[in-house]
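Trainee: Here it is: the structure, laid out below.
Throughout, read-outs are computed from the coordinates displayed, never taken from laboratory work. None of these values were measured; they are calculated from a predicted model. Backbone-built Cβ (ideal geometry, glycine too); neighbour counts: all protein chains shown.
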Amino acid sequence: MSVVNARAIFGPHETFVPYELERREVGANDVAIDIKYCGICHSDIHHAHNDWGGTQYPLVPGHEIAGVVAAIGAEVSRFGKGDRVGVGCMVDSCRACDNCEAGLEQFCREGDVKTANGTDRQGRPTQGGYSEQIVVDERFVVRIPDALPLQAAAPLLCAGITVYSPLRTLGVGHDSRVALVGFGGLGHIGVQLASAMEARTTVLDLSLDKREDGLRLGAQDFFATVDTDLFKTLADSFDVVISTVPANLDMGAYLGLLDTDGTMVLIGAPDKPLEINAFSLLRNRRRLAGSLIGGMPETQEMLDFCAAHGIGAEIEVISAGQIDEAYERVIAGDVRYRFVLDVSTI
Ligand code: ZN
Ligand code: ZN
């Protein structure tokens, strides 16, 4: 057992405070990682504020972890001391079910073990990346290629894989017509990924405020959805529409954007159940789908793809004393495009 410095929150209305965290002994298959950076994901905030219920306090959030290997167990074969590595949303699973066997650990039949605010297979609470070190089984550790700066790679571990997986699953490639709904933490990475896959990429955001960034990152078009004529103009014109927003959209309007056999994918979860008129699906033989992060092999593939294409998150690095302020700014939509915690300030 080793004690490491962290930042924790003790209740839904509290602020972050310094905290000493115990990390388990490095087991035979474990990798101990000195965390350098940790991305701040909107779901950290939901957990910290107990928005979804069931938060275990004290909580150390963080599941976009980038760092360097500090030590390895005797059986570890894929990593060595000093390697640049990452950890995303999960740190374990049953490893034996059909989905685990297929590298889809996020859909483990027994449930995956969340990196933070979860319970490990020994029944202990898990604590995340707002801390100096973490110990993780090597199966759940990915390599961060040298071409990716650690701080820009951190958000790829959740935001990146969340948008990469549906693009790959749907076979997006040369001349695919892709629309990304929302241009924030997920959307700004999605634009880079889709355009690197040679798709014709369009952003649909609430306003044109971020248009310049969208075009710079590879979008061909950037439209504001306040313009209701837009949905008539763009009707039947996309193969894939990915909604990155947690808002309840007018599903008829967005499904109407899909051409024949097109698919709309939800990667953001609205609070209320969806309201859908079936006719908006029947026409053009449209499909509605969901997607949830990605498995470990696909997460590695995503990082390698990002390194090959020079893709990273656009970030604002913060110190440990700024976590509460960063949360307020994320809630207010005031970040371009991801906060990343500099763990050396803990
Ligand atoms: Zn996340
Ligand atoms: Zn499993």
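Trainee: Please sort 251-257, 113-119 by packing, taking for each peptide the average over its residues of neighbouring beta carbons within 10 angstrom, highest first. Intermediate results must be reported in sequence, preceding the final value.
Mentor: Working: 251-257: 19.7, 113-119: 21.7.
The most tightly packed comes first, giving 113-119, 251-257.
Trainee: Same structure, new question: So for each of 173-179, 131-137, 186-192 I average, over its residues, the number of other beta carbons within 10 Å; can you give me the resulting order with the highest mean first?
Mentor: On the way: 173-179: 17.3, 131-137: 22.9, 186-192: 27.7.
Top to bottom by mean Cβ count within 10 Å: 186-192, 131-137, 173-179.
Trainee: Which whole-Hz ³J(HN,Hα) couplings does the stretch 142-156 yield from phi under the Karplus relation 6.51 cos²θ - 1.76 cosθ + 1.60, θ = phi - 60°, glycine and proline marked x?
Mentor: 10, 8, 9, x, 4, 5, 9, x, 4, 5, 7, 7, 3, x, 5
Trainee: Okay, moving on. Treat each spin label as a single point 7 Å out from the Cα along the C-beta direction, and report the H174 to D98 distance in nm.
Mentor: Output for this residue pair reads 3.6 nm.
Trainee: Using helices alone, what [θ] at 222 nm do you get for the chain, with -39,500 (n - 2.57) per DSSP H run of 4 or more residues, divided over all residues and rounded to the nearest 500? Please report the intermediate quantities before stating the final value.
Mentor: Working: 11 runs with 80 residues, N = 346.
The per-residue figure over the chain is -6000 deg cm²/dmol.
Trainee: Between S344 and L292, what is the label-to-label distance in nm when each label sits 7 Å out along the Cα-to-Cβ direction?
Mentor: Label-label distance for S344 and L292, simple model: 3.8 nm.
Trainee: List I72, I276, I267 from most exposed to least, where exposure is judged by having the fewest other Cβ atoms within 10 Å. Could you put the intermediate results ahead of the total?
Mentor: Values: I72 21, I276 12, I267 25.
Ranking I72, I276, I267 by Cβ neighbours within 10 Å, fewest first, gives I276, I72, I267.
Trainee: Additional query: What fraction of the DSSP beta bridges in the chain is antiparallel, stated in percent and rounded to the nearest 5? Let's see the in-between values first.
Mentor: Numbers: 34 of 60 bridges.
Just about 55 percent of them are antiparallel.
Trainee: Please report the net charge: other residues with Cβ closer than 15 Å to the Cβ of S165, K and R +1, D and E -1.
Mentor: Numbers: positive: R168; negative: E105, D112, E298, E301, D304.
Net charge in that neighbourhood comes out at -4.
Trainee: For K232 and V68, FRET efficiency with R0 = 56 Å and r from the beta-carbon atoms, rounded to 0.05? Don't skip to the end; give the middle numbers.
Mentor: Details: r = 52 Å, r/R0 = 0.93.
Using R0 = 56 Å, I get an efficiency of 0.60.
Trainee: Pop the C-beta distance of E275 and E316 into the FRET formula with R0 = 35 Å and round what comes out to the nearest 0.05. Walk me through the numbers on the way to the answer.
Mentor: Numbers: r = 36 Å, r/R0 = 1.03.
For E275 and E316, the calculated efficiency is 0.45.
Trainee: By its C-alpha gyration tensor, with a ≥ b ≥ c as the square roots of the eigenvalues, how is the stretch 160-290 shaped: rounded for a/c under 1.5, else prolate for a/b larger than b/c, else oblate? The partial results should precede the final answer.
Mentor: Numbers: a/c = 1.37, a/b = 1.24, b/c = 1.11.
Verdict is rounded for the stretch 160-290.
Trainee: Count the net charge of all other residues whose Cβ sits under 13 Å from the Cβ of L208, scoring Lys and Arg as +1 and Asp and Glu as -1. List each step's numbers first, then the result.
Mentor: Values: positive: K210, R211; negative: D205, D209, E212, D213, D221, D227.
Overall, the nearby charge balance is -4.
Trainee: Now for a separate question. Hey, how many Å between the Cα centroid of the stretch 278-325 and the Cα centroid of the stretch 48-75?
Mentor: The distance from the Cα centre of the stretch 278-325 to that of the stretch 48-75 comes to 19 Å.
Trainee: Now a separate question. Using the count of nearby Cβ atoms within 10 Å as a rough guide to exposure, how do L266, L234, L282 rank from fewest to most?
Mentor: Values: L266 23, L234 19, L282 9.
Least to most surrounded, the residues fall as L282, L234, L266.
Trainee: Quick one: grab Rg to one decimal and Dmax as a whole number for the chain, Cα atoms only, in Å.
Mentor: 20.0, 62
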